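Let me begin by presenting the structure, written as structure tokens, before commenting on it.
The values are calculated or read from the model by the stated rules, or taken from the named source; none is laboratory data. Remember, predicted model here, so these are calculated numbers, not experimental data. Note that we place each Cβ from the backbone using ideal geometry, even for glycine, and neighbour counts take in every protein chain shown. When the accessible area is computed, the model is the full protein with side chains, heavy atoms only, and any ligands, DNA or RNA have been set aside. Shrake-Rupley method; radii C 1.70, N 1.55, O 1.52, S 1.80 Å.
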Amino acid sequence: MESILNYINGELRPSVSGQWLDNVDPSCGAVYSRIVASASEDVSAAVAAAEQAFPAWSALKAEARAACLNRMADLMEAKMEALAADESRDSGKPLALARRMDIPRAIDNFRFFAAAATQFSAESHYTSPELFNYTLRQPLGVVGCISPWNLPLYLFTWKIAPALAAGCCVVAKPSEITPMTAFRLAQIAQEAGLPPGVLNIIHGTGPDAGSAIVSHPRIKAISFTGGTKTGAGIAAVAAPMFKKLSLELGGKNPTVIFDDADFDLALSTAVRASFTNQGQICLCGSRILVEASIYPKFRDAFVARVQQLKVGNPQHADTDIGALVGKAHFEKVLQYIELAKQEGGKLLCGGNAAQPVPGGYYLNPTVIEGLPQQCRTNMEEIFGPVVTLQSFRDETEALELANATEYGLAAGVWTSNVNRAHRFAHRLQMGIVWVNCWLERDLRTPFGGVKSSGVGREGGWEAMRFFTEPKNVGVKIVLNPE
Ligand code: NDP
């Protein structure tokens, strides 16, 4: 059985405690590898290594840092097939999806921020003929990156790549539920010759290893993606220590479909937005709001399409929906389906477990209607293959419903009325709005949410600015020397 080790100071090592955790393949429920269970002493060793590496790494020319990141990307590309297989096995997602989305995007993250390192610049302000100001953007030092299980390597590298590009040294923790590709990244960093200590990867649970990163006094910033409750706990620890914080948290995203939308495109995209990665993407649209005049037609067509989705073994090429990430999450989603029934929801399809592989955590894609906005099913994040349908009378009501939850991550708007599209986008309380599309990403754009969906933005210069501290230097020039 393979052992997943920490990566500290360029070496792969067991944890100080010598304890291990099981790593489960959710497609069949079997333990297939073991993970080091780390705690504060492992984090302290990683911080010490990162601090030692920081002066040289931050002093490197941007081109040299970019070359290191590009070497990592080249190696990931060469190992694409193996990485996709690891990601699929660890998380239960269809292998085809890992091949098409997760791993290419992780590679793009490294290449994108390698380029960003060489292009990053800061402002100068001409104040008067005698005075100008320029801004230095200095790397923060040692930073912590903590990522979730839904898009393991994709979200892990989305934080690590800009931190390294900006000149920081990193102590990172993937979710203990999906550690395998982070372990592969450590092996790749060794092979790429990344200087020891620049990147350190600690494995273990959130309460043990994650919280040790958050509370470590010499870690200057925390970039976290995960649940809203966990994010609030992290903020409570990190804020009084005056750490910089970037929190990408949960969502309950609306997909709003007006009657003048391109029906077929809205339909097929809404199916994708609902069920890609078993609905376990923070950007999935889990509340579908449809204008009353087309509601019955849309509902029937939507349910018919959803019933065609194949729940299957993640390894099989024709599988649309793989396994949920693990037993605890599977049970949580099933409980939400029970709750929806208790709240008076009508199941239009799904609602039950599937068993394409014995022992695995599979759910049939579930569509529910007949629930008001103000119920737990429509207010809380479920994060699984479960969506609700609601109808609205007009734009005002659509906006009210769309903005009704505590979350504000992303929304989809479907209309052919260009005025309405922009007006509606302007009024949505969201960090991200897609008009007539979904999940079209440009890595330069700001990424993140408002309200309980988070604080701060990732992506492009936002990420480079997060990992650097601005310092203004004001310079007075003597114009008329004696
Ligand atoms: P969690 O909040 O449970 O965990 C996220 C990460 O934090 C994991 O690595 C976890 O470790 C770690 N962690 C848990 N407790 C602590 C702690 N006390 N201190 C430090 N770290 C801790 O989220 P999930 O992994 O369940 O991920 C799903 C959530 O992520 C959903 O709510 C989803 O919406 C959100 N998400 C948000 C995105 C966004 O960009 N806004 C994108 C993707 C997902 P471990 O798992 O090992 O315990």
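For beta carbons closer than 7 Å, sequence separation of 6+ or different chains, a first residue in the stretch 39-63 that is open to solvent by 50 Å² or more (accessible area, probe 1.4 Å) and a second that is at pLDDT 95 or above, the qualifying pairs are 40/212; 41/16; 51/142; 51/218; 52/197; 56/195; 63/118.
Residue-by-condition table, conditions (1) out of contact with any helix residue (DSSP H, G or I) (no Cβ under 6 Å at 6 or more places or on another chain); (2) open to solvent by less than 60 Å² (accessible area, probe 1.4 Å); (3) assigned by TED's automatic domain parsing to the domain that holds residue 100:
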| site | (1), (2), (3) |
| --- | --- |
| 297 | yes, no, no |
| 305 | no, no, no |
| 312 | yes, yes, no |
| 315 | no, no, no |
| 319 | yes, yes, no |
| 323 | yes, yes, no |
| 326 | yes, yes, no |
| 341 | yes, no, no |
| 346 | yes, no, no |
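All of 369, 380, 331 fail the test of being over 29 Å from residue 85 (Cα atoms), under 28 Å from the mean Cα position of the chain (by Cα) and either acidic (Asp, Glu) or in the same structural domain as residue 98 (by TED's automatic domain parsing) (or both), apart from 380.
Among residues that are out of contact with any helix residue (DSSP H, G or I) (no Cβ under 8 Å at 6 or more places or on another chain) and open to solvent by less than 30 Å² (accessible area, probe 1.4 Å), residue 378 is included. Report yes if some residue within the stretch 352-365 is in contact with a Cys (Cβ under 6 Å, 6 or more places away or on another chain), open to solvent by less than 40 Å² (accessible area, probe 1.4 Å) and closer than 20 Å to residue 295 by Cβ; otherwise report no. No - not one qualifying residue is present in the stretch 352-365. Evaluation of residue 278 against the conditions (1) within 16 Å of the ligand (Cβ to nearest atom); (2) open to solvent by 10 Å² or more (accessible area, probe 1.4 Å) shows that the sole unmet condition is (2). When the stretch 7-28 is examined, which residues are found to be under 22 Å from residue 92 (Cβ atoms) and open to solvent by less than 30 Å² (accessible area, probe 1.4 Å)? Listed by number, the residues that qualify are 23, 25, 26, 27. Beta carbons closer than 9 Å, at least 6 apart along the sequence or on distinct chains, pair a first residue in the stretch 144-159 that is over 12 Å from residue 280 (Cβ atoms) and part of a strand (DSSP E or B) with a second that is near the ligand (Cβ under 9 Å from one of its atoms) and basic (Lys, Arg) for 144/173; 145/173; 146/173.
Restricting the first member to the stretch 170-198 and to residues that are in the same structural domain as residue 148 (by TED's automatic domain parsing) and in contact (Cβ under 8 Å) with a residue 40 or more places away in the chain, and the second to residues that are within 13 Å of the ligand (Cβ to nearest atom) and acidic (Asp, Glu), the beta-carbon pairs closer than 7 Å and six or more apart or on different chains are 178/90; 180/90; 181/90.
Return only the number of the condition from (1) out of contact with any strand residue (DSSP E or B) (no Cβ under 9 Å at 6 or more places or on another chain); (2) in a loop (DSSP other than H, G, I, E, B); (3) farther than 15 Å from residue 26 by Cβ that residue 338 does not satisfy. With (1) out of contact with any strand residue (DSSP E or B) (no Cβ under 9 Å at 6 or more places or on another chain); (2) in a loop (DSSP other than H, G, I, E, B); (3) farther than 15 Å from residue 26 by Cβ applied to residue 338, the lone miss is (2). Here is the figure for the stretch 166-211: residues that are part of a helix (DSSP H, G or I), open to solvent by less than 10 Å² (accessible area, probe 1.4 Å) and within 16 Å of the ligand (Cβ to nearest atom) total 8. Scanning the stretch 221-237 for residues being more than 8 Å from the ligand (Cβ to nearest atom) and out of contact with any helix residue (DSSP H, G or I) (no Cβ under 8 Å at 6 or more places or on another chain) gives a total of 3.
The single condition among (1) open to solvent by 20 Å² or more (accessible area, probe 1.4 Å); (2) more than 8 Å from the ligand (Cβ to nearest atom) that residue 270 does not satisfy is (1). Of everything listed in (1) more than 16 Å from the ligand (Cβ to nearest atom); (2) in a helix (DSSP H, G or I); (3) more than 23 Å from residue 83 (Cα to Cα), the single unmet condition for residue 218 is (2).
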